[in-house]
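Student: Sharing a structure below in structure tokens format, with a few things to ask.
The values are calculated or read from the model by the stated rules, or taken from the named source; none is laboratory data. All values reported here derive from a predicted model rather than from experimental measurement. No Cβ is skipped: glycine too gets one built from the backbone with ideal geometry, and neighbour counts run over all protein chains shown.
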Ligand code: GAR
């Protein structure tokens with residue numbers, strides 16, 4: 001069994017898809033959900049899949065405490081699924097090439113500090129882009145700059161609001177993210 005350690009900050013719809021997908025797997029499992037938000041919807045979702053969940057503070061993330069929790073779960077892959085804080089260098093250094101993130105746009109455009117969730121979709125619409133999409137990438141010490149693993153575009157010409165774009169992009173995330181995680185763990189990409 002290879003363990004997936006999930007980090008999420010909000011509603012956790014990606015985390016939910018990942019837990020659902022791997023609840024059927026004989027080779028990989030979601031070992032724990034870690035969140036910086038005690039009110040995160042992802043906590044309820046983890047409970048529904050009998051996945052243990054831990055809440056931590058920003059201080060604990062940055063003082064080595066969260067690294068200790070992560071190590072206790074012996075991760076094959078650390079997955080940021082809607083995790084909105086800067087990921088700490090100590091965890092990245094402890095798991096080289098084994099921390100990935102999903103970003104709701106086609107990087108290198110619309111990435112970096114402050115570019116998360118609805119802010120990304122608003123910027124994309126303001127620039128009158130005809131398409132947006134998803135980027136799954138390795139995490140390094142700079143926001144959204146690690147090597148790309150997978151991208152998928154979607155037409156957004158019909159979208160009138162950032163929320164419309166978010167729905168289209170989220171559907172792509174749910175469709176592709178669990179499979180890409182599985183392929184990484186299998187060593188096939
Ligand atoms: C997702 O769209 C994810 O790509 C984005 O937050 C949303 C979380 O949704 N992540 C970022 O913007 C990271 N920079 P979810 O909580 O329903 O999975």
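Student: Go through the residues of the range 152-170 one by one and say whether even a single one is in a loop (DSSP other than H, G, I, E, B) and under 15 Å from the mean Cα position of the chain (by Cα). Talk me through it step by step, then tell me what you get.
Tutor: Filtering the range 152-170 for residues in a loop (DSSP other than H, G, I, E, B) gives 156-161.
With under 15 Å from the mean Cα position of the chain (by Cα) added as a condition, the list becomes none.
No, because not a single residue in the range 152-170 is in a loop (DSSP other than H, G, I, E, B) and under 15 Å from the mean Cα position of the chain (by Cα).
Student: Out of all the residues in the range 113-131, is one or more on the phi > 0 side of the Ramachandran plot, surrounded by 20 or more Cβ atoms within 10 Å (Cβ to Cβ) and modelled with pLDDT of 95 or more? I'd like the intermediate steps shown before the answer.
Tutor: Narrowing the range 113-131 to residues on the phi > 0 side of the Ramachandran plot: 114, 117, 128.
Narrowing the set further to residues that are surrounded by 20 or more Cβ atoms within 10 Å (Cβ to Cβ) leaves none.
For the range 113-131, residues on the phi > 0 side of the Ramachandran plot, surrounded by 20 or more Cβ atoms within 10 Å (Cβ to Cβ) and modelled with pLDDT of 95 or more: absent.
Student: A further question on this structure: Out of the residues in the range 1-23 that are at pLDDT 95 or above and more than 16 Å from the ligand (Cβ to nearest atom), state the one that is nearest to residue 69 (Cα to Cα).
Tutor: Ranking the candidates gives 3 first.
Student: Against the definition (more than 23 Å from residue 142 (Cα to Cα), more than 13 Å from the ligand (Cβ to nearest atom) and either surrounded by 17 or more Cβ atoms within 10 Å (Cβ to Cβ) or at pLDDT 95 or above (or both)), how does residue 26 come out, yes or no? Spell out the reasoning first.
Tutor: Working: more than 23 Å from residue 142 (Cα to Cα): yes; more than 13 Å from the ligand (Cβ to nearest atom): yes; either surrounded by 17 or more Cβ atoms within 10 Å (Cβ to Cβ) or at pLDDT 95 or above (or both): yes.
Considered against the rule, which asks whether it is more than 23 Å from residue 142 (Cα to Cα), more than 13 Å from the ligand (Cβ to nearest atom) and either surrounded by 17 or more Cβ atoms within 10 Å (Cβ to Cβ) or at pLDDT 95 or above (or both), residue 26 comes out as yes.
Student: Out of the range 63-84, which residues are within 16 Å of the ligand (Cβ to nearest atom) and either under 17 Å from residue 28 (Cα atoms) or surrounded by 15 or more Cβ atoms within 10 Å (Cβ to Cβ) (or both)? Spell out how you get there, then give the answer.
Tutor: Filtering the range 63-84 for residues within 16 Å of the ligand (Cβ to nearest atom) gives 78-84.
Matches in the range 63-84: 78, 79, 80, 81, 82, 83.
Student: Consider only pairs whose beta carbons are under 7 Å apart and that are at least six residues apart or on different chains; among these, list those whose first residue lies in the range 5-23 and is more than 20 Å from residue 72 (Cα to Cα) and in contact (Cβ under 8 Å) with a residue 60 or more places away in the chain and whose second residue is assigned to a helix (DSSP H, G or I) and within 6 Å of the ligand (Cβ to nearest atom).
Tutor: Here the result reads 13/170; 14/173, each pair linking the range 5-23 to a residue that is assigned to a helix (DSSP H, G or I) and within 6 Å of the ligand (Cβ to nearest atom).
Student: Looking at residue 156, is it touching a residue at least 24 places away in the same chain (Cβ under 8 Å), buried (at least 18 other Cβ atoms within 10 Å of the Cβ), within 12 Å of the ligand (Cβ to nearest atom) and closer than 24 Å to residue 179 by Cβ? I'd like the intermediate steps shown before the answer.
Tutor: On the way: touching a residue at least 24 places away in the same chain (Cβ under 8 Å): yes; buried (at least 18 other Cβ atoms within 10 Å of the Cβ): yes; within 12 Å of the ligand (Cβ to nearest atom): no; closer than 24 Å to residue 179 by Cβ: yes.
Answer is no for this residue.
Okay, residues lined up against (1) within 14 Å of the chain's Cα centre (by Cα); (2) within 10 Å of the ligand (Cβ to nearest atom); (3) in contact (Cβ under 8 Å) with a residue 40 or more places away in the chain:
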| position | (1), (2), (3) |
| --- | --- |
| 99 | yes, no, yes |
| 106 | no, no, yes |
| 112 | no, yes, no |
| 120 | no, yes, no |
| 125 | no, no, yes |
| 128 | no, no, no |
| 138 | yes, no, yes |
| 142 | no, no, no |
